[in-house]
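Okay, so here's the structure we're looking at.
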Amino acid sequence: DIQMTQSPSSLSASVGDRVTITCGASQSVRSFLHWYQQKPGKAPKLLIYDAVTLESGVSSRFSGSGSGTDFTLTISGLQPDDFATYFCQQSYSTPLTFGGGTKVETK
Amino acid sequence: EVQLVESGGDLVKPGGSLRLSCAASGFTFSNVWMTWVRQAPGKGLEWVGRIKREIDGGTIDYAAPVKGRFTISRDDSKNTLHLQMNSLKTEDTAVYYCTTGFQNGYSYWGQGTLVTVSS
């Protein structure tokens, strides 16, 4: 199975900050890497798919980069609605696997 | 509008069985692969398994912790996805989501249904 490792597991930030979350894969997943946002009690929301493609309707302050084993989600100009938990997921091979999550909290 | 609505979650004793359903609408159900994802209380997301569309062979893949105990099926005539869960364990306690997408990544999710396995 491909292991997905996110860092940090949590971070504190302020509105307007630039936030970077990393996701590492135990082996190459090419560009089959996706990012989700989840708020308490809600289903996850797809933000970025195929490492760099912004999902329709998602704010352009979210961006993704990377390929192979190393990936990054960047939030440029954190907004109050962005305080949430973020997960990466690989769909290169089964079983599809998620990272452990990064909780973005208010400083 | 795409909608996924899960049902069937309940409190069940260890060793028991439960069948979850996911009613889909707003898209051509038979054209997509469907997936179950679960989330234990306070924990991260865990992929449970997926079923491909019939034109792709209808292949089903499972995560190791549920293989041999859970069965995913689909009824394209009723636009419904099922998850039959047998020999339930306490560690199967979670919110179960059905999900799908029209490209890579899961764009659409249900609201989730809670399964609690406890004596």
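Worth a mention:
- When residues of segment B:17-65 are limited to those that are aromatic (Phe, Trp, Tyr), under 12 Å from the mean Cα position of the chain (by Cα) and open to solvent by 30 Å² or more (accessible area, probe 1.4 Å), the one nearest to the other protein chains (Cβ to nearest Cβ): B:Tyr62
- Applying the criterion of being at pLDDT below 95 and within 9 Å of chain A (Cβ to nearest Cβ) to the residues of segment B:66-104, the residue that is least open to solvent (accessible area, probe 1.4 Å) is B:Gly101.
- Of all residues in segment A:19-30 being assigned to a loop (DSSP other than H, G, I, E, B) and open to solvent by 50 Å² or more (accessible area, probe 1.4 Å), the one that is nearest to the other protein chains (Cβ to nearest Cβ): A:Arg30
- Residues that are open to solvent by 30 Å² or more (accessible area, probe 1.4 Å), facing chain B (nearest Cβ under 10 Å) and among the β-branched types (Val, Ile, Thr) within segment A:56-107 comprise A:Thr85, A:Thr94, listed in sequence order.
- Selection of first residues in segment B:80-92 that are under 23 Å from B:Asn31 (Cβ atoms) and outside any helix (DSSP H, G or I) and of second residues that are of a type in the set (Lys, Arg) and at pLDDT 95 or above, restricted to Cβ pairs under 8 Å at least 6 apart or on distinct chains, gives the following pairs, ordered by first then second residue: B:Thr80/B:Arg74; B:Leu81/B:Arg74; B:His82/B:Arg19; B:His82/B:Arg74; B:Leu83/B:Arg19.
- Verdict on A:Gly16 being assigned to a loop (DSSP other than H, G, I, E, B) and under 11 Å from the mean Cα position of the chain (by Cα): no
The values are calculated or read from the model by the stated rules, or taken from the named source; none is laboratory data. The model shown is predicted, which means the values in this text are computed figures rather than measured ones. Heads up, the Cβs are rebuilt from the backbone with ideal geometry, glycines too, and the neighbour counts pull from every protein chain shown. These area figures cover heavy atoms from the full protein model, side chains too; ligands, DNA and RNA do not enter into them. Shrake-Rupley method; radii C 1.70, N 1.55, O 1.52, S 1.80 Å.
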